[in-house]
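Engineer: Quick one: structure below, then a few questions.
The values are calculated or read from the model by the stated rules, or taken from the named source; none is laboratory data. Just so you know, these numbers come straight off a predicted model, no measurement behind them. With ideal geometry, Cβ positions are generated from the backbone for all residues, glycine too; neighbour counts draw on all protein chains shown. In case anyone asks, the SASA skips ligands and DNA or RNA and just uses the protein heavy atoms, side chains included. Shrake-Rupley method; radii C 1.70, N 1.55, O 1.52, S 1.80 Å.
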Number of protein chains: 2
Amino acid sequence: MVNDEKFVEDIVDQDDNFSQWYNQVVRKAELADYAPVRGCMIIRPYGYALWENLQQKVDARFKETDVQNAYFPLLIPQSFLQKEAEHVEGFAPEVAWVTRGGGEELEEPLAIRPTSETIIGNSFSKWIQSYRDLPLLINQWANVMRWEKRTALFLRTSEFLWQEGHTAHRTPEEAEERTRLMLEVYRSFAEEDAAIPVIPGRKSENEKFAGALRTYSIEAMMGDGKALQSATSHNLGDNFARGFDIQFLDADSQRKYCHTTSWGMSTRMIGALIMVHGDKSGLILPPRLAPYQVVIVPIWRKEKEKEAVNELVNRVEKMFKGKVRVKVDRSENTPGWKYNEWEMRGVPLRMEIGPRDVQNNNVMLVRRDNRVKEPVSVDALEQRLPELLEEIQKALYQRALEFREQNTYTTDSYDEFKQIIAEKRGFVRVKWAEDSAAELAIKEETKATLRVIPFDQPEGGVQGKCIYTGKPATCEAIFARAY
Amino acid sequence: MVNDEKFVEDIVDQDDNFSQWYNQVVRKAELADYAPVRGCMIIRPYGYALWENLQQKVDARFKETDVQNAYFPLLIPQSFLQKEAEHVEGFAPEVAWVTRGGGEELEEPLAIRPTSETIIGNSFSKWIQSYRDLPLLINQWANVMRWEKRTALFLRTSEFLWQEGHTAHRTPEEAEERTRLMLEVYRSFAEEDAAIPVIPGRKSENEKFAGALRTYSIEAMMGDGKALQSATSHNLGDNFARGFDIQFLDADSQRKYCHTTSWGMSTRMIGALIMVHGDKSGLILPPRLAPYQVVIVPIWRKEKEKEAVNELVNRVEKMFKGKVRVKVDRSENTPGWKYNEWEMRGVPLRMEIGPRDVQNNNVMLVRRDNRVKEPVSVDALEQRLPELLEEIQKALYQRALEFREQNTYTTDSYDEFKQIIAEKRGFVRVKWAEDSAAELAIKEETKATLRVIPFDQPEGGVQGKCIYTGKPATCEAIFARAY
């Protein structure tokens with residue numbers, strides 16, 4: 001499209017209407033589209049490239065911990081879902097059912113997997129014979145389906161993409177260790193690659209996975225102060241092992257149940273990237289995940305300038321081939337239009353190359369995050385550009401961390417708690433005596449939920465009373481309104 | 001598993017029962033398993049690693065031709081499937097239908113995608129406005145479902161993994177060019193990476209894709225002489241553009257229909273790898289796709305030898321880290337058991353390291369394809385080992401090509417044709433006057449189908465009569481029994 005006008009009609013201000021801002025950015029940046037099937041989404045090439053980069057980073061981290069990928073069937077027999085009582089209760093209302101196939105009614109309806117503990121548990125029971133077969137460490141990248149009434153692109157869609165890891169272990173201790181290890185993998189990915197500071201910790205009984213012994217999560221604060229659960233890791237105890245008869249012969253010749261775990265991260269993470277880093281001009285993508293890390297905008301007015309500019313553009317493009325993800329915008333749009341478009345699409349670094357730059361053997365680099373301009377000599381570029389990308393990566397993390405700290409409150413008064421939740425944005429950290437009824441009452445009264453009981457607790461234990469029940473507090477917990 | 005016995009009970013001879021051999025190898029090598037849902041399969045880690053390597057190679061080849069990945073919904077409204085008449089007729093009998101979701105009966109049944117021309121066509125109609133938006137070059141890696149009555153692991157399963165490319169173009173010529181380009185991508189992948197010689201060409205009217213103008217395919221000969229269609233590329237003309245209103249405003253200000261293509265390759269290719277290269281001892285994997293390119297087997301008898309052997313094993317492992325996919329088998333099994341296991345699992349090269357090797361600063365390399373042994377000095381290893389892998393890659397291709405040539409017949413007599421098909425294995429190349437009724441008659445009489453009309457035709461055209469109708473031949477065609 002040749003277009004001299006400003007590319008985007010103004011995007012709504014984040015502070016005025018965050019969810020509208022989010023939707024506009026997702027659509028305008030061509031990350032995703034609504035599908036003709038209600039609640040489903042189309043991930044467009046720019047959004048999918050982001051997902052591919054995320055996959056690559058996460059997958060490499062999994063493989064470093066000896067996890068292997070595999071693939072299990074999309075369809076799960078109804079009877080399988082029913083083998084773990086809490087699990088079926090949790091997921092049955094959200095299931096899509098296949099009832100006809102190949103022109104015939106099926107004898108048993110088949111669920112489109114909402115998650116695969118059951119069908120993978122069935123395989124584990126066949127593959128595992130002896131303690132020598134343990135641990136079994138499997139992951140799959142797959143689509144899953146949970147029929148949702150209210151949907152939002154990336155954040156909550158009926159079909160979404162994710163990875164789900166499933167492991168089986170000899171002892172409860174090993175299962176717990178693996179559950180925590182995978183949470184740490186997610187934490188390091190989120191903080192190092194996605195530049196999103198997260199709070200790792202344990203979920204309450206109310207919020208844990210249907211069928212789990214314990215659920216851990218990493219929680220992140222979005223740009224509007226709401227929480228987003230960014231990944232979860234579940235210690236399933238022997239619940240699924242009993243449901244699916246996953247047993248092994250131990251060294252002492254006793255048959256024992258395995259202890260299993262599962263853990264997942266989804267396309268939701270893309271929603272988090274958008275909501276943590278974006279600003280009023282649109283997306284800001286962390287360099288390690290950005291589909292394009294640098295966009296080059298060639299600039300000339302007169303035809304005779306064109307050749308020299310293009311020569312330098314091509315030289316720089318070649319310099320970084322295979323090393324940095326560079327996009328050269330050679331379209332017929334004006335430079336101003338290109339600046340706006342690639343700012344809106346969140347490319348971390350813009351490189352302007354015009355006739356004067358050619359003369360000075362320079363290029364102009366412009367950071368997306370703080371708009372700071374830096375002329376760099378072509379000779380220094382190969383060193384300076386990757387440095388700058390790392391600086392942006394770190395700056396994004398730092399900015400998000402400061403935002404979270406500025407918007408995290410502590411209080412011992414439930415009245416103040418209610419006031420903060422109603423009038424401010426952010427997290428509230430309180431003393432807590434774990435109590436499901438109190439938790440539900442708070443949700444009812446304030447819409448805030450217990451996001452996580454952070455691993456990071458006061459040394460020597462918590463002193464004082466629970467903010468709601470007045471009972472002796474057992475921990476500190478974080479409450480917030482959440483996605 | 002500690003096990004001193006020979007790892008595998010003897011695998012059945014390929015010549016005695018090829019399909020039983022195939023099944024045994026798939027199961028014993030732990031490539032895949034049948035799923036509890038009829039017709040579906042579980043791809044085990046070793047099989048999935050093969051798929052990942054294939055994906056990586058194919059995806060890189062796509063991206064070199066400017067294709068971008070995206071993701072479209074799993075579920076397709078019934079009404080969409082019905083918009084292209086031949087398409088729905090072709091696929092409706094194989095569709096699995098979702099009729100319930102979130103506890104309610106759906107108003108319109110949703111098909112699990114058997115292929116995505118329709119749902120992607122719907123998006124294309126929204127994304128394409130002007131000729132400047134063309135060509136649009138999209139691919140997705142996804143699962144699809146076609147309800148199959150008779151299934152075989154990798155070759156024909158109700159759910160399978162594949163990639164499906166979808167493109168839209170301004171002119172019929174550009175669409176045809178892209179259709180042929182993608183077939184060429186598949187050919188080069190098959191021959192260079194999978195070491196499978198293939199015959200590229202056009203499908204007959206009977207065998208073309210439901211809704212296509214023309215279908216091209218690459219056909220490969222399996223170890224039993226049967227044909228396997230390994231990938232297809234379809235020129236869809238404006239059939240889907242008319243069904244889904246994919247129009248663009250051309251430079252002459254006229255609204256015109258796009259010309260679209262689609263093209264796909266699936267987990268079937270893993271079946272081809274097994275059936276082309278395998279032998280009576282099991283799999284033989286081409287080095288470029290093998291999950292492990294080299295397996296190191298440490299050998300010692302006395303405990304005091306162990307340390308020196310391990311030192312060299314670790315040194316060699318480190319030497320190739322990040323360069324060659326090396327597996328060190330440190331299990332407690334005997335060396336003989338390990339040889340059998342890794343031969344059966346098709347690792348291209350085995351490296352034996354024992355006390356004498358340590359003394360001589362040597363390792364012993366043993367090729368899987370021809371069992372030739374070669375002692376290599378440790379100092380020469382970094383150079384020699386990658387060379388050997390390339391030699392194996394080429395030898396596998398060459399062997400498969402010779403096998404195909406030895407088992408390809410030509411004849412002008414239909415009686416002889418019938419005799420070849422009944423008594424021999426392989427391809428029969430004949431003169432042909434394209435005629436769908438004759439093609440169906442031949443299938444009925446011999447079970448052989450027209451696999452492909454090769455691009456490679458006699459210079460100056462075909463002289464003589466059609467083998468079946470006696471009409472003047474228009475081309476040469478290849479018939480065979482097929483998977």
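Engineer: Can you find, within the range A:143-194, the residue that is most open to solvent (accessible area, probe 1.4 Å) among those that are within 30 Å of residue A:255 (Cβ to Cβ) and in a loop (DSSP other than H, G, I, E, B)?
Structural biologist: Only one residue tops the list, namely A:170.
Listed here are the residues, each with its yes/no results for (1) touching a residue at least 40 places away in the same chain (Cβ under 8 Å); (2) touching a Ser or Thr at 6+ places or on another chain (Cβ under 9 Å).
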site: B:402; (1), (2): no, no
site: B:414; (1), (2): yes, no
site: B:435; (1), (2): no, yes
site: B:445; (1), (2): no, no
site: B:452; (1), (2): yes, yes
site: B:460; (1), (2): no, no
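Engineer: Kindly indicate which of A:419, A:406, A:398, A:463 is open to solvent by 30 Å² or more (accessible area, probe 1.4 Å) and modelled with pLDDT under 95.
Structural biologist: After applying the criteria, what remains is A:463.
Engineer: Any residue in the range A:316-330 that's in the same structural domain as residue A:346 (by TED's automatic domain parsing): show its pairings with residues that are open to solvent by 60 Å² or more (accessible area, probe 1.4 Å) at Cβ separation under 8 Å, as long as the two are six or more apart or on different chains.
Structural biologist: What qualifies is A:319/A:382; A:320/A:382; A:326/A:317; A:328/A:317.
Engineer: Can you name the residue in the range A:108-136 that is of a type in the set (D, E, K, R) and without any contact (Cβ under 8 Å) to a residue 12 or more places away in the chain and is also farthest from the other protein chains (Cβ to nearest Cβ) among such residues?
Structural biologist: Ranking the qualifying residues of the range A:108-136, first place goes to A:126.
Engineer: Do you know which of the residues in the range B:237-256 that are of a type outside the set (Asp, Glu) and surrounded by fewer than 14 Cβ atoms within 10 Å (Cβ to Cβ) is nearest to residue B:85 (Cα to Cα)?
Structural biologist: Going through the qualifying residues, I end up with B:255.
Engineer: Checking the condition within 19 Å of residue B:30 (Cβ to Cβ) and either among the polar types (S, T, N, Q) or at pLDDT 95 or above (or both), which residue from B:309, B:297 passes?
Structural biologist: Only one candidate passes the filter, namely B:297.
Engineer: Looking at the range B:217-236 only, could you name the residues that are open to solvent by less than 10 Å² (accessible area, probe 1.4 Å), over 11 Å from the mean Cα position of the chain (by Cα) and over 21 Å from residue B:420 (Cα atoms)?
Structural biologist: B:217, B:233, B:235, B:236
Engineer: Now for a separate question. Output the residue which, of all residues in the range B:101-114 that are touching a Ser or Thr at 6+ places or on another chain (Cβ under 7 Å) and under 27 Å from residue B:162 (Cβ atoms), is least open to solvent (accessible area, probe 1.4 Å).
Structural biologist: B:109
Engineer: Filtering the range B:26-39 down to residues that are more than 12 Å from chain A (Cβ to nearest Cβ) and more than 17 Å from the chain's Cα centre (by Cα), which residue is most open to solvent (accessible area, probe 1.4 Å)?
Structural biologist: Per the stated criteria, the residue is B:28.
Engineer: Of the residues B:64, B:89, only one is open to solvent by 10 Å² or more (accessible area, probe 1.4 Å) and under 26 Å from residue A:97 (Cα atoms); which?
Structural biologist: B:89
Engineer: For the range B:12-103, list the helices (runs of 4 or more DSSP H) that sit wholly inside it and hold at least 2 residues that are within 20 Å of residue A:71 (Cα to Cα) and touching a residue at least 60 places away in the same chain (Cβ under 8 Å); which are they?
Structural biologist: B:18-28, B:45-64
Engineer: Is it fair to say residue A:311 is within 15 Å of residue A:357 (Cβ to Cβ), among the acidic types (Asp, Glu) and more than 33 Å from the chain's Cα centre (by Cα)?
Structural biologist: Yes: the conditions hold for residue A:311.
Engineer: If you check residue B:214 against the conditions, is it under 18 Å from the mean Cα position of the chain (by Cα) and at pLDDT 95 or above?
Structural biologist: In short, no.
Engineer: Out of all the residues in the range A:69-86, which are of a type in the set (A, V, I, L, M, F, W, C) and either open to solvent by 10 Å² or more (accessible area, probe 1.4 Å) or within 11 Å of chain B (Cβ to nearest Cβ) (or both)?
Structural biologist: Of everything in the range A:69-86, those that are of a type in the set (A, V, I, L, M, F, W, C) and either open to solvent by 10 Å² or more (accessible area, probe 1.4 Å) or within 11 Å of chain B (Cβ to nearest Cβ) (or both) turn out to be A:70, A:72, A:74, A:75, A:76, A:80, A:85.
Engineer: Let me ask something additional. Output the number of residues of the range B:87-107 satisfying the condition of being within 24 Å of residue B:149 (Cα to Cα) and more than 7 Å from chain A (Cβ to nearest Cβ).
Structural biologist: Residues in the range B:87-107 being within 24 Å of residue B:149 (Cα to Cα) and more than 7 Å from chain A (Cβ to nearest Cβ): 7 in total.
Engineer: Another question about this same structure. When residues of the range A:277-317 are filtered for being buried (at least 23 other Cβ atoms within 10 Å of the Cβ) and of a type in the set (Asp, Glu), how many remain?
Structural biologist: Here the count works out to 0.
Engineer: Right, here's the next one. Could we say that residue B:120 is assigned to a strand (DSSP E or B), under 30 Å from residue A:291 (Cα atoms) and open to solvent by less than 40 Å² (accessible area, probe 1.4 Å) here?
Structural biologist: Judged against the criteria, residue B:120 is not a match.
Engineer: Pick out the one residue from B:140, B:129 that is at pLDDT 95 or above and open to solvent by 10 Å² or more (accessible area, probe 1.4 Å).
Structural biologist: One residue alone meets the criteria, B:129.
Engineer: Let me confirm something: among A:16, A:66, A:10, which residue is at positive phi and more than 9 Å from every other protein chain (Cβ to nearest Cβ)?
Structural biologist: Just a single option satisfies the conditions, and that option is A:66.
Engineer: Residue by residue through the range B:430-460, note down the ones that are open to solvent by less than 50 Å² (accessible area, probe 1.4 Å), in a loop (DSSP other than H, G, I, E, B) and acidic (Asp, Glu).
Structural biologist: Scanning the range B:430-460 gives a single hit, B:435.
Engineer: When the range B:363-395 is examined, which residues are found to be surrounded by 15 or more Cβ atoms within 10 Å (Cβ to Cβ) and β-branched (Val, Ile, Thr)?
Structural biologist: Listed by number, the residues that qualify are B:363, B:366, B:376, B:378, B:392.
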